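Novice: Mind having a look at this structure? Questions to follow.
The values are calculated or read from the model by the stated rules, or taken from the named source; none is laboratory data. What you see is a predicted model; the values in this text were computed from it and never measured. Here the Cβ is made from the backbone with ideal geometry for all residues, glycine too, and neighbour counts use every protein chain on show. Remember, those area values only see protein heavy atoms, side chains included, never the ligands or the DNA or RNA. Shrake-Rupley method; radii C 1.70, N 1.55, O 1.52, S 1.80 Å.
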Amino acid sequence: MKQFLSVHDVPDLPALVAEALDCKKNPLAHKHLGRNKTLGLLFFNASLRTRLSTQRAAQNLGLDVMVMNVTQDSWGLEMKDGAVMDGDKAEHVKEAAAVIAQYCEIIGVRSFPGLADRDLDYRDEVIGQFVKYAGVPVVSLESAIRHPLQSLTDLITIEEHKTKSRPKVVLTWAPHPKALPQAVPNSFAEWMNRADVDFVIAHPEGYELHEQFAGNAVVTHNQREAFAGADFIYAKNWSSYTHYGQILSKDRDWSVDAAKMQLTHNAKFMHCLPVRRNVVVMDEVIDSPNSIVIKQAGNRVWAAQAVLKRMLENKS
Ligand code: CP
């Protein structure tokens, strides 16, 4: 595997999920693979789960890890090719990525969108420039428009907890005080459209995801109708794609509560975390036995380990 930026980098989803579950069963079986090799993790934005789970996955594979909080610790990076660099950016990504690749066999990059310029964000420039100039495998730790390690984790978690061969999975928008990226819902939708599930997206009007991600999902503005018979409820806030980056609603009637969960087929509750308690989801749901958010976060290790393993083995 040369890059892990989206579901399109995975030819066989069930095989990658099975590989991640093998890693979970025997975490140290491939400790030799990363010997004398280094993973560089570059964070343009904050992280708890992605940073620690990817480090743990790398340790399980015998990799050394170097982490840099780019915006705090390094030079300001210019991303545009051909830029006249007489502003505040001291180094071009062309040199920075190539130099980091002198020290690291694999590079991970996290870079969120600005949510001001849709065309710019959807070009996914930062991760793209690292792929272009690093010349070593690059793994997305969440880009402007996708979060594939999270989505692989979500698929692993659904596979572990499903009680029927083709479960009903509902991605529901939920309120939030801040404007958040579309990366998690975009990516989740993209992966669910490739998975063996009945996939429904529920959101208020104006929160439509780009059709490239929504794909063949059933889309509804009626959350309660969507919850009926669901096996998995995946809650997430996102800002509007059409009215780009805007908050169009903070309607608490979209929060996930116990009464709505009663409409489901004893559904498991999922969220990528971090989550705003009693805004996105009520305590009564996230603290219930049907909440699998901690197990889901635990699976971040196995998703990262399966991807890094394939990169080390040079397997697609
Ligand atoms: N879900 C997730 O990516 O968590 P962090 O932002 O804490 O890494």
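Novice: Extension gain Asp196-Val218, at 0.36 nm per residue separation less the Cα-Cα distance, in nm?
Specialist: 6.5 nm
Novice: How much space per residue, in cubic angstrom, does the convex hull of the C-alpha atoms of region 150-297 take up?
Specialist: Per-residue hull volume (Cα only) is 93 Å³.
Novice: When the accessible area of the chain is split by element with a 1.4 Å probe, what percent falls to carbon and sulfur?
Specialist: Carbon and sulfur atoms account for 49 percent of the accessible area of the chain.
Novice: Let me ask something else. Relative contact order of region 1-67, please, whole-number percent, based on alpha carbon pairs below 8 angstrom and at least 6 residues apart.
Specialist: Worked out over region 1-67, it gives 36 percent.
Novice: Put a dot 7 Å past each Cα toward the Cβ at Glu225 and Ser288; how far apart are the dots in nm?
Specialist: Label at Ser288, label at Glu225, 2.3 nm between them.
Novice: A follow-up question, please. Using modelled amide H (1.01 Å from N, peptide plane; none on Pro or chain starts), what sits under 5 Å from the amide H of Gly108, excluding residues fewer than 5 places away?
Specialist: Amide H to amide H, under 5 Å and 5 or more residues apart or across chains, Gly108 pairs with Gly40, Leu41, Leu42, Val139.
Novice: Given H placed 1.01 Å from N in the peptide plane, which residues other than close sequence neighbours of Thr172 have an amide H under 5 Å from its amide H?
Specialist: Residues meeting the amide H criterion: Ala202, Tyr234, Ala235, Lys236.
Novice: Could I get the Rg over Rh figure for the chain? Both from C-alpha atoms, Rh via Kirkwood, rounded to two places.
Specialist: 0.97
Novice: Can you give the extra length, in nm with one decimal, that the chain gains between His8 and Arg56 once fully stretched, where that is 0.36 nm per residue apart less the Cα-Cα distance?
Specialist: Computed gain between His8 and Arg56 is 14.8 nm.
Novice: Multiply the residue gap between His210 and Gln102 by 0.36 nm, knock off their C-alpha separation, and tell me the result in nm, one decimal place.
Specialist: This chain segment gains 35.2 nm when fully extended.
Novice: With the other protein chains left in place, how much accessible area per residue, in square angstrom, belongs to the chain at a 1.4 angstrom probe?
Specialist: Per residue, the chain has an accessible area of 43 Å².
Novice: In addition: Just need the relative contact order of the chain here, percent rounded to a whole number, with Cα pairs under 8 Å and 6+ apart.
Specialist: 21
Novice: Another question about this same structure. For Glu91, enumerate residues with amide H under 5 Å from its amide H, sequence gap 5+ or separate chain, H modeled in the peptide plane.
Specialist: Gly76, Glu78
Novice: Further question on the same structure: Zone of Ala18 (label point 7 Å along Cα→Cβ, backbone N under 16 Å): which residues in region 139-179?
Specialist: Within reach of a label on Ala18: 156, 159-160.
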